[in-house]
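Here's the structure, in structure tokens; my notes come after.
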Amino acid sequence: MAAPSRFREKAQILDEAALDRALTRIAHEILERNGGSHDLTFVGLRTRGVTLAQRIAQKIARIDGTQLPVGALDITLYRDDLGLRGTPVVRGTDIPFSIKDKVVVLVDDVLFTGRTIRAALDALIDLGRPKAIQLAVLVDRGHRELPIRPDYVGKNVPTSRRESVAVRLREHDGEDRVVIEEPEEA
Amino acid sequence: MPWTRKDLLTIRELDPAEITLLLDTAASLEEIAGREIKKVPALRGKTVVNLFYEASTRTRTSFEIAGKWLSADVVNFSAAGSSVAKGESLIDTAKNIAAMSPDVVVVRHPSAGAAALLARELRCSVVNAGDGAHEHPTQALLDLLTIRDRKGHLEGLHVAIVGDVAHSRVARSNIHGMRKLGMTVTVAGPPTLIPPFVQELGVKVRYRLEDAIADADVIMMLRLQRERMEHGLIPSVREYARYWGLTLERLRAHARPDVLIMHPGPVNRGIELAPEVADGPYSVILDQVARGVAVRMAVLLLLAGARGAEGA
């Protein structure tokens, strides 16, 4: 994936309030689908998926009072394009709880080709055998290359392949916002 | 910070950002040792050849485990019982191994420069696992990682390296790495075992153990190689142990209470290191060995995992 050097903002998909509402809705849907918070755990994909997982877990804590564990998964070592992307950057997996027989809600910011999630499924299963894995994403932008679908979606956004979806979060980028960007030279 | 080198031959040639990249990558890989299934698919289909012309337990096993945890196929070759015993030269052996298309060759050899020679001859990556009295880069990296994990940082720390500095590739690699990362280094040992002009590497020299360890955050004891005595460099092992052995009494009397004791192994118990120090609370010797696997995984991953990028 040779990315163009510069992108410019094309449109805003979610503002701060809409992003927060989307996460609140996902939190409720997770509780509804699983009949409560029993056996639930969260695993976020580095980097922004972890932050989103923490926010969803906080919302569930506010709704039904349980503090669910949140882990961080780095899938660099499981990528199918390792070696095609230059120097591998390993940021470390940190899941300080057992996922065996738990329902793991995997959280990522943007679902695109599905290859990241494919790698994440392999990585998770190497850490134990969960009872089930569910997928929550803030934005589903389409263009799947693998048979993978999300269980919880903040917003479905039709995009073209040359565009890019940028999820900006307070903790990393100083603002809560999701935008579509397009290559500068276009 | 991209990794661009084909080989890892010395610490001397690395810049501080490259050393930090290796340490950060290794730190991220440490958790794999605690997993139930200690295997990730990163180097699936890659082949690592361990080419060892000198005895080694720790280093060879460490590279082998590192390769296997990353799913590479690891082949061990030791000079004893091989065609080397029939007189084959290093380059001939290496070219034959290269004809089998490995991705990484890890080499240990008694001659300084052997790894660099192979790196020039072979298209695959070469890792120096110790070449004579020259360098042992992965040992220095695992020492630095152990110190960083224990102390939280490296810059500004003071390290005393004690013993046979002249013949130590571990000392040389560590001195280069520590100086590049802003650490202070003091070397100490009998004058016959301190290399001339060592000050030019930016280190202080002391000729008494007590002076060297007084304000050290880390004491790195080197292995006394007994053959040095035969060459007349020290009068006797007993005398060496008396003046240069780190005992609990000396440690308590002269060292800081939060000092770390390190040793690259294998330890001569009762000579350079008293058993109660080697096994005591200050000692991080087994930490070093554990970090060694993470460091070697990082080296193999950056060399074999990044290189496909050239064609992309």
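Numbers for the structure displayed
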| read-out | value |
| --- | --- |
| Which listed residue is free of Cβ contacts under 8 Å to residues at least 12 places away in the same chain, of a type in the set (Asp, Glu) and more than 30 Å from B:THR25 (Cβ to Cβ), from A:GLU32, A:GLU16 | A:GLU32 |
| Among the residues listed as B:ALA212, B:ALA160, B:ALA166, B:ALA188, the single one being crowded, with 16+ Cβ neighbours inside 10 Å, modelled with pLDDT under 95 and small (Gly, Ala, Ser) | B:ALA166 |
| Those residues of region B:27-60 which are more than 17 Å from B:SER125 (Cα to Cα) and among the β-branched types (Val, Ile, Thr), in sequence order | B:ILE32, B:ILE37, B:VAL40, B:THR57, B:THR59 |
| Among the candidates B:SER56, B:SER62, residue that is at pLDDT 95 or above and either surrounded by 15 or more Cβ atoms within 10 Å (Cβ to Cβ) or in a loop (DSSP other than H, G, I, E, B) (or both) | B:SER62 |
| Matching entry among B:LEU251, B:LEU224 (being assigned by TED's automatic domain parsing to the domain that holds B:ARG172, over 18 Å from B:VAL170 (Cβ atoms) and in contact with a helix residue (DSSP H, G or I) (Cβ under 7 Å, 6 or more places away or on another chain)) | B:LEU251 |
| Residue identified as touching a Ser or Thr at 6+ places or on another chain (Cβ under 9 Å) and of a type in the set (Lys, Arg) among B:ARG291, B:ARG269, B:ARG226 | B:ARG291 |
| Sole residue being among the charged types (D, E, K, R) and surrounded by fewer than 22 Cβ atoms within 10 Å (Cβ to Cβ), chosen from B:GLU135, B:GLU121 | B:GLU121 |
| Residue selected from region B:12-53 under the condition in a loop (DSSP other than H, G, I, E, B) and hydrophobic (A, V, I, L, M, F, W, C), by the criterion farthest from B:ALA298 (Cα to Cα) | B:ILE37 |
| Single match in A:GLY114, A:GLY83, A:GLY154 (criterion: free of Cβ contacts under 8 Å to residues at least 40 places away in the same chain and touching a helix residue (DSSP H, G or I) at 6+ places or on another chain (Cβ under 8 Å)) | A:GLY83 |
| Matching residues, region A:79-101, being more than 8 Å from chain B (Cβ to nearest Cβ) and modelled with pLDDT under 85 | A:ASP80, A:ASP81 |
| Output for region A:88-103, where each listed residue is more than 18 Å from the chain's Cα centre (by Cα) and polar (S, T, N, Q) | A:SER98 |
| Residue pairs meeting the criteria (Cβ under 7 Å; at least 6 apart or on separate chains; first under 13 Å from A:ALA132 (Cα atoms), in region A:97-109; second among the charged types (D, E, K, R)) | A:LYS100/A:ARG129; A:ASP101/A:LYS131; A:LYS102/A:ASP39; A:LYS102/A:LYS131; A:VAL103/A:ASP39; A:VAL103/A:LYS131 |
| Scan of region B:16-34 for residues that are away from every other protein chain (no Cβ under 11 Å), within 21 Å of B:HIS136 (Cα to Cα) and surrounded by fewer than 19 Cβ atoms within 10 Å (Cβ to Cβ), ordered by number | B:PRO16, B:ALA17, B:THR20 |
| Residues that are more than 21 Å from A:ASP80 (Cβ to Cβ) and within 14 Å of chain A (Cβ to nearest Cβ), drawn from region B:36-62 | B:GLU36, B:LYS38 |
| Candidates A:LEU73, A:LEU45 - the one that is within 24 Å of A:GLY154 (Cβ to Cβ), away from every other protein chain (no Cβ under 14 Å) and hydrophobic (A, V, I, L, M, F, W, C) | A:LEU45 |
| 3 or more residues more than 18 Å from B:THR186 (Cβ to Cβ), touching a strand residue (DSSP E or B) at 6+ places or on another chain (Cβ under 8 Å) and within 14 Å of chain A (Cβ to nearest Cβ): qualifying helices (runs of 4 or more DSSP H) within region B:219-312 | B:285-306 |
| A:LYS59 vs. criteria under 23 Å from A:PRO150 (Cα atoms) and within 14 Å of another protein chain (Cβ to nearest Cβ) | no |
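A quick yes/no check of all residues on (1) modelled with pLDDT of 95 or more; (2) acidic (Asp, Glu); (3) over 22 Å from B:ILE147 (Cα atoms); (4) buried (at least 20 other Cβ atoms within 10 Å of the Cβ):
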{"residue": "B:PHE197", "(1), (2), (3), (4)": "no, no, yes, no"}
{"residue": "B:MET220", "(1), (2), (3), (4)": "yes, no, no, yes"}
{"residue": "B:GLU227", "(1), (2), (3), (4)": "no, yes, yes, no"}
{"residue": "B:GLU230", "(1), (2), (3), (4)": "no, yes, yes, no"}
{"residue": "B:VAL237", "(1), (2), (3), (4)": "no, no, yes, no"}
{"residue": "B:TYR240", "(1), (2), (3), (4)": "no, no, yes, yes"}
{"residue": "B:THR247", "(1), (2), (3), (4)": "yes, no, no, no"}
{"residue": "B:HIS254", "(1), (2), (3), (4)": "yes, no, no, no"}
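The values are calculated or read from the model by the stated rules, or taken from the named source; none is laboratory data. Just so you know, these numbers come straight off a predicted model, no measurement behind them. For neighbour counting, all protein chains shown are included, and Cβ atoms are generated from backbone atoms with ideal geometry for every residue, glycine included.
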